[in-house]
1. Which shape class applies to the stretch 2-174: rounded if a/c is under 1.5, otherwise prolate when a/b exceeds b/c and oblate if not, where a ≥ b ≥ c are the square roots of the Cα gyration tensor eigenvalues?
2. Of Lys248/Lys349; Lys7/Lys97; Lys56/Lys219; Lys219/Lys349, which pairs sit farther than 28 Å apart, going by alpha carbon to alpha carbon?
3. Please list 3J(HN,Hα) in residue order for the stretch 62-75, calculated via the Karplus relation 6.51 cos²θ - 1.76 cosθ + 1.60 where θ = phi - 60°; whole Hz, with x for glycine and proline.
4. So which residue, out of Gly239, Gly104, Gly142, gets the largest mean-square fluctuation from a GNM of the chain using Cα contacts under 10 Å as springs?
5. Taking only Cα atoms and a 10 Å spring cutoff, compute GNM fluctuations for the chain and point out the largest among Gly251, Gly243, Gly263.
6. Which residue, Ile334, Ile262, Ile165, tops the fluctuation ranking in a GNM of the chain built on C-alpha contacts under 10 Å?
7. Checking the a/c ratio against 1.5 first, then a/b against b/c, what shape does the Cα gyration tensor give for the stretch 216-332?
8. Once neighbouring chains are kept in place and the probe is 1.4 Å, which whole percent of the accessible area of the stretch 2-174 is contributed by carbon and sulfur?
Amino acid sequence: METIPVKYPGGEYPVCWGETILPDAGRLLRAAGFGGACAVVTNPVVGGHYAQPVLKSLTDHGFQPALCEIPDGEAHKTLQTVAGLYDQFFAAGLDRKSLVLSLGGGVVGDQAGFAAATYLRGVPFVQIPTSLLAMVDAGVGGKTGVDLPQGKNLVGAFKQPRMVIVDAATLATLPGPEFRSGLAEALKHGIIADPALFEAMQQGALPLPKMIAAAIQVKVDIVQADPFERGRRAVLNLGHTFGHAFEKLSGFQLRHGEGVAIGMACAARLAANLGHCAPAVADQIISAIDFLGLPTALPDHEPVAVWQAMGADKKKEAGQLRFILPTAIGQVDIFTDVPQAAVIEVLTK
Ligand SMILES: NC(=O)c1ccc[n+]([C@@H]2O[C@H](COP(=O)([O-])OP(=O)(O)OC[C@H]3O[C@@H](n4cnc5c(N)ncnc54)[C@H](O)[C@@H]3O)[C@@H](O)[C@H]2O)c1
Ligand SMILES: [Zn+2]
């Protein structure tokens, strides 16, 4: 097992990563000074695979863990589900020092984290991400929350975990399309800030735990520099302005990572067309996305419909739409002056 330290204003926590480290959870948390009653928040799918080793490890190290299940799926990422968690925490006898652990993908992590941020005005929180997306993205950075009928992630809190435990062995059961969706975010981190990660992913050359650790490190460096998302952290949205629009227009049939993959291909083409990167850089990005089994081709939408879905029609000036564009492999910049015509051009088949 290895660790990546993460600093934030007022503290620091480790991301512990390796293979088959779930059975170490109890020991690690005991050594960090925790004990007593705790809640393991999961869903029936992930819990069915991994709750037992985590519960056993906690019990073996003197914890009294309670299994708190929530339903699987983004459709249940609501205040109502979080209210159900408060009931389960109360029934389990959690006090202000009790740990809340999240065992699952980003949907479980966002809700368990939000519940931990608000129950008794905040109890300590630990992330055990089990999807690739949650390992390389959602598990680090402290953003938690739920959806409202009006939109995604509209209610939430910053809640830094006390520890993140990343066990790459849990990915063995993650469905293929979910795995590839996570690969899109990992590749994104390579494009943003780590040419060696990009290169290795492009060649399939890196063992999974190392690839995950490198992708986490990119996110760590960015969130440390901008913990409350006031500026530079926006670079993590590479491919997302386009990607969200494709997700929306597909009626959310497209997975987030698939939308981001097509979005990164669009961003690469746009950057090349505007002269912000060499055409060879754009080609390299597109072929890496393709190599990972992710889509790069434009879906069948009118360019103007995509433009509108990006929210551009709501801005007074088209130029206010913000694009994160690659300038080289491992380097991106934030552009607010992209002409509408250039965007329409990359959206045209
Ligand atoms: N907080 C943040 O910074 C942040 C960042 C990015 C995304 N998110 C949020 O994360 C969510 C998406 O996360 P996700 O992609 O992990 O989706 P998810 O949590 O829905 O997980 C995808 C599916 O895989 C299952 N699963 C997870 N791990 C598994 C495993 N090891 N074996 C078998 N099945 C497993 C889940 O139960 C689910 O059915 C969104 O709600 C998004 O808003 C948050
Ligand atoms: Zn994303």
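The values are calculated or read from the model by the stated rules, or taken from the named source; none is laboratory data. What you see is a predicted model, and the numbers here were worked out from it, not measured in a lab. Methodologically, a virtual Cβ is constructed for each residue, glycine included, from the backbone with ideal geometry; neighbour enumeration extends over all protein chains shown. We work out accessible area using only protein heavy atoms, side chains counted, and drop any ligands, DNA or RNA first. Shrake-Rupley method; radii C 1.70, N 1.55, O 1.52, S 1.80 Å.
1. rounded
2. As for pairs spanning more than 28 Å Cα to Cα, those are Lys56/Lys219; Lys219/Lys349.
3. x, 7, 10, x, 10, 7, 10, 9, 10, x, 7, x, 4, 4
4. Gly142
5. The residue with the greatest mean-square fluctuation here is Gly251.
6. Maximum fluctuation in the GNM of the chain, among the listed residues, is at Ile334.
7. Rounded, since a/c falls under 1.5.
8. Carbon and sulfur atoms account for 54 percent of the accessible area of the stretch 2-174.
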